[in-house]
Amino acid sequence: MTATARPSATQQARPARAGAGWLRCRQPRPHARVRLVCLPHAGGSAGAFRAWSAHLPESVELHAVQYPGREDRYHEPAVTDLHRLADLVAGALIPLLDRPLALFGHSMGAIVAHETALRLHRRGTPLSHLFLSGQPAPGHRQGGTVHLGDDDTLVSELRRLGGTRQDALDDSELRAIVLPAVRADYQAVETYRPADDAPLSCPITAFVGTEDPEATVPETRDWASQTTGPFDLRALPGGHFYLTDHTATVATDVARRLGTPWPDLP
């Protein structure tokens, strides 16, 4: 479920400025036709999507959500309630609703993206597309107790899933920086219970790694029940962090499904 990002020495030395905001856009594209907002996995940061802009056409402007408790928001308390997190993300997206908006979430980010989409749908602003990755459909969600374990328990879980820098797990000082956000995110995911909402109306595309221990292909296919619109499933080789090896493929696929001109999928 997790890969972590730590703040730079400068970011550790001073608190993040008040109201630093939830969204990071490294390459503004003022003439883009659609905005794509990406939500990272548990313990992850906006930097997880740093490479995506290079694989998206000029017609797509990429934003990434920065959760509190990491990178330039390192000194802010992490949010441990997933419904509260979705409320905050939905509020941060309101200024972007002047053009079509799509969400892409991986792992925990997929849950937050879905809950955010529900909130936007309720206010009468449905998404143009919802992309969900590395997460089983709500009917397959189970709680957990990893967040209640000691630091070694958290580290063992990170090693099991992969995707986390080994030096961050082996070095005690780096672990002290990384693990608080990981624990908070696990608490948000493991205590999350979906509300009984009506399905969305936007298209949903679900991605999954064929060897993902957290989400099987059939469990991921059941996201189809969460929309009255079109649904598609794409399975790619790899485990929970299949995205690491397939960034270009997934980003290109997302762009194509947003109706933007781009070469054939790899």
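Would you check if Tyr74 is at pLDDT below 95, surrounded by 19 or more Cβ atoms within 10 Å (Cβ to Cβ) and either of a type outside the set (Lys, Arg) or within 15 Å of the chain's Cα centre (by Cα) (or both)? Considered against the rule, which asks whether it is at pLDDT below 95, surrounded by 19 or more Cβ atoms within 10 Å (Cβ to Cβ) and either of a type outside the set (Lys, Arg) or within 15 Å of the chain's Cα centre (by Cα) (or both), Tyr74 comes out as yes. Of all the listed residues (Ala110, Ala90, Ala102, Ala86), the sole one being outside any helix (DSSP H, G or I) and modelled with pLDDT of 95 or more is Ala102. The helices (runs of 4 or more DSSP H) found wholly in the range 161-232 and carrying at least 1 residues that are closer than 19 Å to Arg119 by Cα and modelled with pLDDT of 95 or more occupy 172-190. Scanning the range 184-210 for residues that are surrounded by fewer than 24 Cβ atoms within 10 Å (Cβ to Cβ) and of a type in the set (D, E, K, R) yields Glu190, Arg193, Asp196, Asp197.
Here Gly239 fulfils each of the conditions (1) out of contact with any Asp or Glu (no Cβ under 7 Å at 6 or more places or on another chain); (2) surrounded by 15 or more Cβ atoms within 10 Å (Cβ to Cβ); (3) in a loop (DSSP other than H, G, I, E, B) apart from (1). When Thr260 is tested against the conditions (1) among the polar types (S, T, N, Q); (2) more than 17 Å from the chain's Cα centre (by Cα); (3) modelled with pLDDT of 90 or more; (4) buried (at least 17 other Cβ atoms within 10 Å of the Cβ), the lone failure is (3).
For the range 114-152, the candidate set comprises residues that are loosely packed, with under 15 Cβ neighbours inside 10 Å and of a type in the set (Ser, Thr, Tyr); within that set, the residue that is farthest from Leu233 (Cα to Cα) is Thr145.
The values are calculated or read from the model by the stated rules, or taken from the named source; none is laboratory data. Everything numeric here is computed off the predicted structure, so don't read it as measured data. So basically every Cβ, Gly included, is an ideal-geometry build from the backbone, and we count neighbours across all protein chains shown.
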